[in-house]
Each structure stands twice: as structure tokens, then as C-alpha cells.
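The values are calculated or read from the model by the stated rules, or taken from the named source; none is laboratory data. Here the structure is a predicted model, which means the values were calculated and not measured. Don't worry about glycine lacking a Cβ; one is built from the backbone with ideal geometry, like all the others, and counts go over all protein chains shown.
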Amino acid sequence: MAREYLELGAIAGTHGLQGELRVNPSCDSPVFCCQFQCLYWDGEGKNAVKVTGSRPHKNFALLKLEGIISIEQAQVLQSKKLFFRRADAMLEEGQFFIADLLGCAVVDHDDESICYGELCDVSFTGANDVWHIKRPDGSEALIPVIDDVVKDVDVDARKVRITPLPGLW
């Protein structure tokens with residue numbers, strides 16, 4: 001079952017003197033972090049905090065949270081993680097949460113009886129994402145997330161269907 005609350009990122013430090021927080025995103029981009037009006041201090045959604053301002057800044061999201069009005073208040077939050085509610089996120093067609101992809105079986109597009117392994121990590125390279133596949137023998141293979149390779153992603157069935165590049169395996 002999909003988790004309702006997912007990690008947005010960790011507070012990397014402060015920005016300015018008015019309590020603005022510099023958040024290192026756990027997601028694709030700082031822009032994604034700026035869409036929320038409410039975040040959570042825990043992964044269960046018990047401790048909500050209102051977002052009163054947000055903007056991307058370089059590789060970080062700068063967030064202003066209700067009740068944090070000074071640099072001193074912001075500094076004690078260093079390394080604390082923020083979470084968002086899945087239902088509050090807007091994803092484009094064909095986008096998935098990394099948390100939903102991790103653990104998916106990676107199978108051959110033409111013959112699903114061929115299982116290459118399990119998706120265990122994602123790297124962001126700039127040109128395209130790269131998926132880390134843990135092979136049955138414990139080794140790790142890397143596959144580019146491009147249309148020629150990734151043919152279908154079914155997070156409900158926990159399967160990713162691929163056509164491997166020649167020589168990959």
C-alpha cells in the first residue's frame with residue numbers, strides 16, 4: 001500500500017534573518033517543493049505546519065513556515081525533515097513518486113518471466129534519470145530512463161517493463 005505522507009526534504013540551513021528555511025529537496029526539483037500550502041514534521045501527518053511563503057533558489061527550496069519568524073528559531077530546525085501529503089501533490093502524466101518505484105520488479109517487456117531484478121535507487125544525471133537495479137545475484141545494474149529502454153511502469157502491479165540496451169546484461 002502506498003504511503004500517504006512522503007518526504008519532501010531536509011532543512012539544510014537558514015536564509016536571511018526572518019526565519020526562512022533552506023530545504024534540500026528529496027524530490028526532483030525545488031519547484032516541486034513550492035507547491036504545498038501545508039507540510040508535516042512527521043511521516044504520519046500528525047504535526048502540520050502552514051507554509052506562508054515558498055520559492056526555488058538554486059538547488060534548494062526556500063520555505064517560510066508559520067510561527068518561525070527569526071533566524072534563531074530556524075537554526076534549531078537544521079537537519080529536520082519535512083513531509084507532504086500525497087493527495088496534495090500534483091504530478092504530470094507519466095511521473096511517479098520515487099517511493100512508489102522503489103521495490104518494483106524490473107521485467108522484460110516481451111517476456112515477463114525474465115526478471116532482471118528490483119529497482120532499488122534513482123540517480124538524477126541531468127540528461128535523464130538512471131535507475132539502479134539490484135540483480136538476483138546481488139550485483140547492481142544501471143539503466144537509463146529513456147523511451148527506448150523503459151516501456152511501461154505499473155506501480156499498482158509493482159512492475160516496470162523494459163527493453164534492455166544490447167550488452168546491458
Task: Residues of the range 129-169 classified as among the charged types (D, E, K, R), more than 10 Å from residue 106 (Cα to Cα), assigned to a loop (DSSP other than H, G, I, E, B) and over 20 Å from the mean Cα position of the chain (by Cα), total - done: 3
Open item on the list: Can you tell me which residue is farthest from residue 15 (Cα to Cα) among those in the range 64-89 that are touching a Gly at 6+ places or on another chain (Cβ under 8 Å) and charged (D, E, K, R)?
Closed with: 85
Open item on the list: Condition check: touching an Asp or Glu at 6+ places or on another chain (Cβ under 7 Å), under 23 Å from residue 35 (Cβ atoms) and not hydrophobic (A, V, I, L, M, F, W, C). Does residue 85 satisfy that?
Closed with: yes
- [ ] Look through 93, 140 and report the one residue that is outside the structural domain of residue 37 (by TED's automatic domain parsing) and touching a residue at least 12 places away in the same chain (Cβ under 8 Å).
- [x] 140
Open item on the list: Are there helices (runs of 4 or more DSSP H) fully within the range 26-128 with at least 2 residues that are more than 14 Å from the chain's Cα centre (by Cα)? List them.
Closed with: 71-75
Open item on the list: Looking at the range 1-36 only, could you name the residues that are more than 30 Å from residue 127 (Cβ to Cβ) and in contact (Cβ under 8 Å) with a residue 24 or more places away in the chain?
Closed with: 4, 5, 14, 16, 17, 18, 19, 20, 21
TODO: Please enumerate the residues belonging to the range 65-124 that are in contact with a Cys (Cβ under 9 Å, 6 or more places away or on another chain) and more than 22 Å from residue 6 (Cα to Cα).
DONE: 106, 107, 108
Task: Candidates 113, 54, filtered to the one that is assigned by TED's automatic domain parsing to the domain that holds residue 9 and out of contact with any His (no Cβ under 7 Å at 6 or more places or on another chain) - done: 54
